[in-house]
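Enquirer: One structure is given below, represented as structure tokens, and several questions about it will come after.
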Amino acid sequence: MSNFLTVKGVTAGYGDGPAILDDAHMTVQKGKVHCIIGPNGAGKSTLMKAIAGMLPLRKGEIEFKGENIAGQRPDQMLRRGIAFVPQERALFPKMTVRENLKMGGYILNNDKALTSRIDEIFDRFPILKERADQHAGTMSGGQQQTLAMARTLILRPEVVMFDEPSLGLAPKIVREMFGIVRMIADTGVTVLLVEQNAVMGLKNADWGVVLDLGRTLFEGPSAEVLADPRIQELYLGGRRAA
Amino acid sequence: MDQIIQVAVLGIGLGGVFALMGSGLSLVFGVMRIVNLAHPSLIIGGAYIAYWGFKLYGIDPLIMLPVCAVILAVTGILFYKVFFERDAKSATYSEMTVLLTFAIAMIVEGALGAAFSNTQRVTSPVYATDAFFIGDVFIPKGQLYAGIVSIVIIGLLAAFLKYSRLGYAIRATTQNREAAALLGVNVNMVGLMSFAIGIGLAGAAGALTSFVFSFFPAKHWEWVAVLMSLVVMGGMGSILGTVIAAFSLSIVAAFVGTWIGSTWSTMTFFLALFLVLLFRPQGLFGEKPELV
């Protein structure tokens, strides 16, 4: 198995509250698209936040390139090459598209390098170049999501995590978002997604991870996960109320 | 016609000083969610520093201005460390800061009163009582200088927020604290710096105030409501909104004071506040409140 990024027995929760993640596992392979699925409250977003360093782990390890990185701050994760786009409102609505991209490279602290990297982003995402001087908050949902995803690329990360990039978007725009995800993965960047719509998420991913009640039920190549009868059971009932 | 120009000129002069007073308050609210009722009392503190600098050493208040700003900024950092930092994670932080800063305002007032008595003071450099005449329009030099210096400082603040790295971080933190932290901004440090800058601006405003208004320790009560109405009108946390509100209301207040009577001029601010809350509760440049 790969030793790129591995989540091992992670238990975590918010403040003194109950554990949202309870013994979660996940294997991440370099350059692939991974989709985390599971019913509401399964801990999908929490798993991403745990990897991003946004909440402390009560138990478990996060191993990245052979090193346990659990317990580091978000900015330290960012410096290691792990970027995270939280669900909705990841942008600075009253800053322009260009300023948002500059914030994406805040830790670079190098204006010259930043300018050339922003130009690279503009070449890859012409719509952002067109809107460069527009306030982010005035763009459409799809454009905002595009900006949020593109902004992570400024730091040339190794792993990007998107929490429900399809949220609140029309089906046609959702297809565009998955197109961008694939385009990012094609450049060798590893992608982790959370997706509410399991079928759509898995169809656009290489690897599927199924969470339920904070625990990893199983993971595997997405086609296999999609065909697994346990998925039917999980989504179409039969489970006791938790 | 001359009278209209005359009143407008006086209104603009005062508007600049109010804009400077309000912008520090707005910055602190925008980044830190601190409703700083102690802001005007700290302005008075700045005014005393300028006053004694002039009285004892003959230093012009405009030269004392950076000194006042630095002393107040350092005071701000101390206050933040002692009073605010502990509770910054509390869910009711903004509400708590109202009580906390109210107490600080009274302590500052009491300390200033104990030290300097409640006598009315005014710094009196030569220009404070001098004026230019353009035709029949009379422009008091003190207000003119204070207005110009205020506008320059606000311009510098705007440029700093727009172009500097810390300015980017401050704006980002104001707009989306979580996202800023995720991008590697040390939001606690940004908060502390904004607080220092905001209180430093109170110090600068104090130096100007010292020769534009006569002041005494309890004078800040007159300003707290005026400044709060400017900040609310501008849209909580929007410095541009605060500045626009300060200029427009000061000019209107000057006309009200001349034509209706000076006791009514402060009313202008509250009437405007009332109308804004009624018809545009998010303020001129504020975000619509979200329905949760």
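Enquirer: Accessible surface of B:Ile104 in the full protein assembly, 1.4 angstrom probe, to the nearest 10 Å²?
Expert: Solvent-accessible area, nearest 10 Å²: 10 Å².
Enquirer: Which whole-Hz ³J(HN,Hα) couplings does region B:104-118 yield from phi under the Karplus relation 6.51 cos²θ - 1.76 cosθ + 1.60, θ = phi - 60°, glycine and proline marked x?
Expert: Using θ = phi - 60°, the values come out as 4, 4, 5, 5, 4, 4, x, 5, 5, x, 5, 6, 10, 6, 9 Hz.
Enquirer: Sticking with this structure for a sec: Considering amide H positions built from the backbone, and no H for Pro or chain starts, which residues 5 or more places from A:Ile20, or on another chain, come under 5 Å of its amide H?
Expert: Hits under the 5 Å cutoff: A:Ala12, A:Gly13, A:Tyr14.
Enquirer: Report the Cα centroid-to-centroid distance between region B:234-254 and region A:156-216 in angstrom, as an integer.
Expert: 46 Å
Enquirer: Per residue of region B:140-150, what does 6.51 cos²θ - 1.76 cosθ + 1.60 with θ = phi - 60° give for ³J(HN,Hα)? Whole Hz please, x for Gly and Pro, Karplus curve as stated.
Expert: Those phi angles translate into x, 4, x, 5, 4, 4, 4, x, 5, 4, 4 Hz.
Enquirer: What accessible area per residue, rounded to a whole number of Å², is obtained for region B:2-279 using a probe radius of 1.4 Å?
Expert: 42 Å²
Enquirer: Once each part is reduced to its C-alpha centroid, what is the distance from region A:9-51 to region B:70-92 in angstrom?
Expert: When both Cα centres are located, 36 Å separates them.
Enquirer: Distance in nm between label sites at B:Glu95 and A:Leu108, each 7 Å beyond Cα in the beta-carbon direction?
Expert: 4.4 nm
Enquirer: Cut-off under 23 Å on the C-alpha distance; same-chain residues fewer than 8 positions from A:Lys32 excluded. Which lysines are left, in chain and number order?
Expert: List returned: A:Lys8, A:Lys44, A:Lys49, A:Lys65, A:Lys203.
Enquirer: Mind grabbing the accessible area of A:Asp133 for me, 1.4 Å probe, Å², rounded to tens?
Expert: 120 Å²
Enquirer: Which residue, B:Ala91, B:Ala225, B:Ala202, tops the fluctuation ranking in a GNM of chain B built on C-alpha contacts under 10 Å?
Expert: Greatest mean-square fluctuation among the candidates belongs to B:Ala91.
Enquirer: Quick one: work out the % antiparallel among DSSP beta bridges in the protein assembly as shown, nearest 5.
Expert: Among the beta bridges of the protein assembly as shown, antiparallel pairing accounts for roughly 60 percent.
Enquirer: Who wins for biggest fluctuation among B:Thr209, B:Thr258, B:Thr123 in a Gaussian network model of chain B, springs between alpha carbons below 10 Å?
Expert: B:Thr258
Enquirer: Looking only at region B:59-91, which residues have a backbone nitrogen under 18 Å from a spot 7 Å from the Cα of B:Ile107 in the C-beta direction?
Expert: Hits in region B:59-91 for B:Ile107 at 18 Å: B:72-88.
Enquirer: Right, something else. Using amide H atoms built 1.01 Å from N in the peptide plane, name the residues 5+ places from A:Gly31, or on other chains, whose amide H lies under 5 Å from its own.
Expert: Distant-sequence amide H within range of A:Gly31: A:Thr190, A:Val191.
Enquirer: Okay, next question. Out of the total accessible area of region B:80-169 (probe 1.4 Å, heavy atoms of protein only), what percent is carbon and sulfur?
Expert: Exposed carbon and sulfur together represent 69 percent of the surface.
Enquirer: Tell me the mean residue ellipticity at 222 nm calculated for chain A from its helices only (DSSP H runs of n ≥ 4, each -39500 (n - 2.57), averaged over every residue, nearest 500). Please list the in-between numbers first.
Expert: Numbers: 10 runs with 91 residues, N = 242.
Dividing the helical sum by the residues of chain A leaves -10500 deg cm²/dmol.
Enquirer: Ok, one more. At each listed q (0.08 Å⁻¹), what is the log10 of I(q)/I(0) that the Debye formula gives for the protein assembly as shown modelled as equal alpha-carbon point scatterers?
Expert: For the requested q values the scattering log ratios are -0.62.
Enquirer: Here is a follow-up. In region A:1-75, which chymotrypsin sites (Phe, Trp or Tyr not before Pro) fall in coil by DSSP and have 16 or fewer other Cβ atoms within 10 Å?
Expert: Answer by residue number: A:Tyr14.
Enquirer: In terms of modelled amide H atoms, which long-range or inter-chain residues lie less than 5 Å from the amide H of A:Leu211?
Expert: A:Ile37, A:Gly38, A:Leu217
The values are calculated or read from the model by the stated rules, or taken from the named source; none is laboratory data. Bear in mind that the values here come from a model prediction, so they are computed numbers and not experimental data. Note that we place each Cβ from the backbone using ideal geometry, even for glycine, and neighbour counts take in every protein chain shown. Accessible surface is based on the protein model in full, side chains and every heavy atom, while ligands, DNA and RNA are left aside. Shrake-Rupley method; radii C 1.70, N 1.55, O 1.52, S 1.80 Å.
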